[in-house]
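Chemist: Got a structure for you, written out below as structure tokens; questions coming shortly.
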Amino acid sequence: TDLVGKSIRDSGLREKIDGLVVGIERKGTRILNPESQFCIEVGDVVWVVGNQEKLVQMESVKQL
């Protein structure tokens, strides 16, 4: 997706969800409160908290 290979900061995810990335799961390992320069890889599970409406909009766009 458009997040892979980008840092949390460069992905714009915080702005897109009006929230925070609170964790990443990678290959069975949980990384809590990742730094903004942490890069997202294929297969990562990104845990976020944010504006519910923006999260729903982002999910519906992702499925298109």
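Chemist: Any residue that is surrounded by 15 or more Cβ atoms within 10 Å (Cβ to Cβ) and at pLDDT below 90 - is there at least one of those in region 34-46?
Modeler: Among the residues of region 34-46, not one is surrounded by 15 or more Cβ atoms within 10 Å (Cβ to Cβ) and at pLDDT below 90, which makes the answer no.
Chemist: Is it true that some residue in region 50-64 is in contact with a helix residue (DSSP H, G or I) (Cβ under 8 Å, 6 or more places away or on another chain) and open to solvent by 80 Å² or more (accessible area, probe 1.4 Å)?
Modeler: no
Chemist: Something else now. Can you say whether ILE24 is touching a Cys at 6+ places or on another chain (Cβ under 9 Å), open to solvent by less than 50 Å² (accessible area, probe 1.4 Å) and either free of Cβ contacts under 8 Å to residues at least 40 places away in the same chain or among the small types (Gly, Ala, Ser) (or both), as far as the supplied structure shows?
Modeler: no
The values are calculated or read from the model by the stated rules, or taken from the named source; none is laboratory data. Here the structure is a predicted model, which is why all the values come from computation and not from measurement. Heads up, the Cβs are rebuilt from the backbone with ideal geometry, glycines too, and the neighbour counts pull from every protein chain shown. Surface accessibility is based on the protein's heavy atoms, side chains included, excluding ligands, DNA and RNA. Shrake-Rupley method; radii C 1.70, N 1.55, O 1.52, S 1.80 Å.
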